[in-house]
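One structure is given below, encoded as structure tokens.
Here, each number is a calculation from the coordinates, and none is a lab measurement. Since the structure is predicted, the reported quantities are computational estimates derived from the model, not experimental observations. Please note: Cβ atoms are built from the backbone with ideal geometry, for glycine as well, and neighbour counts cover all protein chains shown.
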Amino acid sequence: MKSPSNQQFAFTTTFNGISNKILSLLVVSPPKDIPDIQFEKKAVKAIWDTGATHTCISTKLANSLHLTPISKRETKTANGDRLADVYLVDLLLPNNVQVNNIQVTGVELLDEVDALVGMDIISNGDFAISNFEGRTAFSFRTPSVSKTDFVKKIEKKNIEKQNRMSKQDKRMKRKQAGISRKKNRKKNKRNK
């Protein structure tokens with residue numbers, strides 16, 4: 001995965017409602033570094049799949065771009081194992097996240113998508129999915145810049161909440177103690 005001047009790149013895609021598919025657009029283009037491979041670049045819809053080892057394109061897309069396979073790869077799919085063609089391409093993800101000279105496997109994909117982004121790309125960055133307020137959003141950044149640990153974040157928030165409650169309890173106890181002292185003084189004055 002390559003980004004100009006080693007900058008960080010990121011994008012977020014938000015869906016209307018909860019989505020059971022993580023989708024984005026990407027552009028498939030000829031590898032810049034290999035002038036022998038030429039075809040018209042094309043923007044396609046991609047599904048992101050953490051269960052896929054390799055990034056794939058549909059055989060339909062490979063055929064429409066007239067891609068020439070560079071090798072073959074044993075591929076395991078829901079329909080069983082098979083030997084599949086491998087192509088060399090550049091991919092442009094949203095927000096100028098560039099993946100150069102990536103080997104993609106040609107497979108049969110769902111009709112609505114022409115690419116599947118696998119762990120060979122996802123593992124080069126940070127990938128997060130949230131479903132806050134009933135809307136799915138997914139975000140990807142590269143290179144990875146920090147560890148995301150929801151447990152630590154929750155523990156920190158819980159400790160902060162306990163500290164706030166503890167401070168409120170202490171204020172309440174001081175207030176109650178002050179009220180008790182006032183009552184005792186009044187009572188003592190009456191008894192004198």
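Values for this structure:
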| item | result |
| --- | --- |
| Under-5 Å amide H pairs with Glu108, H placed in peptide plane, nonlocal only | Thr59 |
| Candidates Lys45, Lys147, Lys76, ranked by Gaussian network fluctuation over the chain, Cα under 10 Å, top entry | Lys147 |
| Residue with peak Gaussian network fluctuation, the chain [Cα springs, cutoff 10 Å], from Lys72, Lys173, Lys32 | Lys173 |
| Amide H contacts of Ala52 (H built 1.01 Å from N, under 5 Å, at least 5 apart or other chain) | Met119 |
| Whole-Hz ³J(HN,Hα) from phi, Karplus 6.51 cos²θ - 1.76 cosθ + 1.60, for the stretch 43-49, glycine and proline x | 8, 9, 8, 10, 9, 9, 9 |
| The stretch 90-98 - phi-based ³J(HN,Hα) in whole Hz, Karplus 6.51/-1.76/1.60, Gly and Pro as x | 9, 10, 10, 7, x, 6, 6, 7, 9 |
| Out-of-range pairs (alpha-carbon distance over 27 Å; input Lys76/Lys152; Lys32/Lys76; Lys21/Lys60; Lys21/Lys147; Lys147/Lys170; Lys157/Lys182) | Lys76/Lys152; Lys32/Lys76; Lys147/Lys170; Lys157/Lys182 |
| CD proxy at 222 nm, helix term only [per DSSP H run n ≥ 4: -39500 (n - 2.57); per residue of the chain; nearest 500] | -9000 deg cm²/dmol |
| Fully extended contour minus Cα-Cα distance, from Thr13 to Ile70, at 0.36 nm per residue | 17.3 nm |
| Principal-axis tilt of helix 150-191 within the chain, Cα atoms, nearest 10 degrees | 10 |
| Two-site label geometry, Lys60 and Lys32: point separation in nm, points 7 Å out along Cα→Cβ | 3.1 |
